[in-house]
Amino acid sequence: MKYISTRGQSPAIGFSDILLGGLAPDGGLYLPVHYPQLSDADLSAMRGLNYRDLAFYILSRLIDDIPAVDLKAIIDKTYRAEVYGFTRAGQNAEDITPTLKLEHNLYLLSLSNGPTLAFKDMAMQLLGNLFEYVLKKRNETTNILGATSGDTGSAAEYAMRGKEGVRVFMLSPYQKMSRFQTAQMFSLQDDNIFNIAVKGVFDDAQDMVKAVSNDSLFKAKYKIGAVNSINWGRIVAQVVYYFKGYFAVTQNNAQKVDFAVPSGNFGNVCAGHIARMMGLPINKLVVATNENDVLDEFFKTGIYRPRGAANTYQTSSPSMDISKASNFERFVYDLVGRDGAKVRELWSSVDKGGAFEIKELLPQLADYGFVSGSSSHANRMQTIRETKAKYNVVIDTHTADGLKVALHYLSQPQRNKDIPMLVLETAQPAKFEDAIVVALGQVPERPASLNNIEDLPQKFEVMDASVDAIKDFIVTKSQ
Ligand SMILES: *Cc1c(COP(=O)(O)O)cnc(C)c1O
């Protein structure tokens, strides 16, 4: 399987070659040259497989430059009950992404039972093992540099800790993450993990990362890498749980399901789109946003109008506070019939801070089966309260975005009541304690082993928002 760029001007290359990089040389995102097709017989063969075997069935169609035995070993090492063990009462950790039934044909698909309690662990843990494998094969090392306001940074650190050939330099805004998120990251004592608390806001940290990445000499000399949300390895890993969820709630391949996906960078729901393109019988993909509703606007109007930092709201579902959905270009490439020139034309305006409109493609858009909606802070608080009252289940604010939009869609009179709806649970409530206290007046239960995480010794550097300071730090630690 070769990978091509959404902008059509980069040579096709193999999986291992795109794994360690970011954007394609022409500025586009990588996608497989075609989507492998899983037939009805394939679906029947996959039904009943455990998560590891299912993951191998799917990923081996997309990753063919790693020998099958090695790929199987990497997958088996990643998707273990011990790694994804923070389950709710009654769930089986062996399922890796167990479902939780709320009522007839309404389920949560739990994607946040991994080490950092958010769905990013689903992909990042695999990425950590893939990185280690590929770097070792090539006798290379990498210095991963990133900026985080919470979920991505901690998922990356837990995935890369102790990995040979990998160092992680993770910048975060000093004293601006929640106490729990801070403790999760800063309590890691591994020699290859460097937490850097930047005296500034998230954008200052992000600017430092961009400045270092734009210095191509420094980047090459110090092998600066990234694990941001456009990484194809992350998307591909996420395709698997759509299949797992489908098989969990259906009895035969003639049945279809809906998925509701709390969305920001369009990474999670992009994997759902790809699952459908590979043959998974999906009825609707319900894209749920918070007040940062750029994607909702697109699916309702055909206008994609990313917003700048000044027009991006801080909300109680902070991991979705994104106004430029970095993976969206992957879907648009398919929408325009895989025409790289058309994508270049559309993004020539986006890359300059503009918008685009594809009114003429609205009929095609409808064929892809997306619906969308958005939620407000008040909606989330109400959804959390109602879910607790009705089902005795506590959900986090991001999952509440998904459930709120899903319920609105389910309430449409024309909607077929026989189709199961799976709402993707993207974080556990313990991760966003303060918001749960506001909603319910009580602190959500935490996995017992994390109870005193705030009291553990912390390892971090405080740094001015200075590009030279971070460069000096990387140079020193690379010796
Ligand atoms: C990252 C994240 C999201 C958004 O996922 P995208 O792939 O960016 O659309 C939603 N919820 C939580 C908890 C997250 O960490």
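Structure above, values below:
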read-out	value
Cross-link pairs Lys176/Lys459; Lys324/Lys388; Lys244/Lys417; Lys199/Lys219; Lys163/Lys431 - those with Cα-Cα distance over 28 Å	Lys324/Lys388
The stretch 67-148, accessible area per residue, ligands and nucleic acids excluded (1.4 Å, Å²)	36
Restricting the stretch 45-137 to GluC sites (Glu not before Pro) in coil, as DSSP defines it, with at most 13 other Cβ within 10 Å	Glu82
Estimated D of the chain in µm² per second, where Rh is the Kirkwood radius over Cα pairs and Stokes-Einstein applies at 4 °C, 1.567 mPa s	57
Cα gyration tensor shape of the stretch 75-197, rounded if a/c is under 1.5, else prolate or oblate by comparing a/b with b/c	oblate
Inter-centroid distance (Cα atoms) of the stretch 58-137 relative to the stretch 426-466, Å	23
DSSP bridge pairs, the stretch 233-376: antiparallel proportion in percent, nearest 5	15
Axial C-alpha extent at least 20 Å, average Kyte-Doolittle at least 0.0 - helices from the chain (DSSP)	232-249
Computed accessible area, His104, all protein chains, 1.4 angstrom probe, square angstrom	140
The chain, helix-only ellipticity at 222 nm - DSSP H runs n ≥ 4, -39,500 (n - 2.57), divided by all residues, nearest 500	-12500 deg cm²/dmol
Solvent-accessible surface ranking, highest first, for Lys223, Lys404 at 1.4 angstrom	Lys223, Lys404
DSSP bridge orientation in the chain - percent antiparallel, rounded to nearest 5	25
Accessible area of the chain belonging to carbon and sulfur atoms, whole % at 1.4 Å probe	50
Cα gyration tensor category, rounded, prolate or oblate, for the stretch 143-235 with a/c compared to 1.5	oblate
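The values are calculated or read from the model by the stated rules, or taken from the named source; none is laboratory data. Remember, predicted model here, so these are calculated numbers, not experimental data. No Cβ is skipped: glycine too gets one built from the backbone with ideal geometry, and neighbour counts run over all protein chains shown. Ligands, DNA and RNA are excluded from the accessible area calculation, which covers all protein heavy atoms including side chains. Shrake-Rupley method; radii C 1.70, N 1.55, O 1.52, S 1.80 Å.
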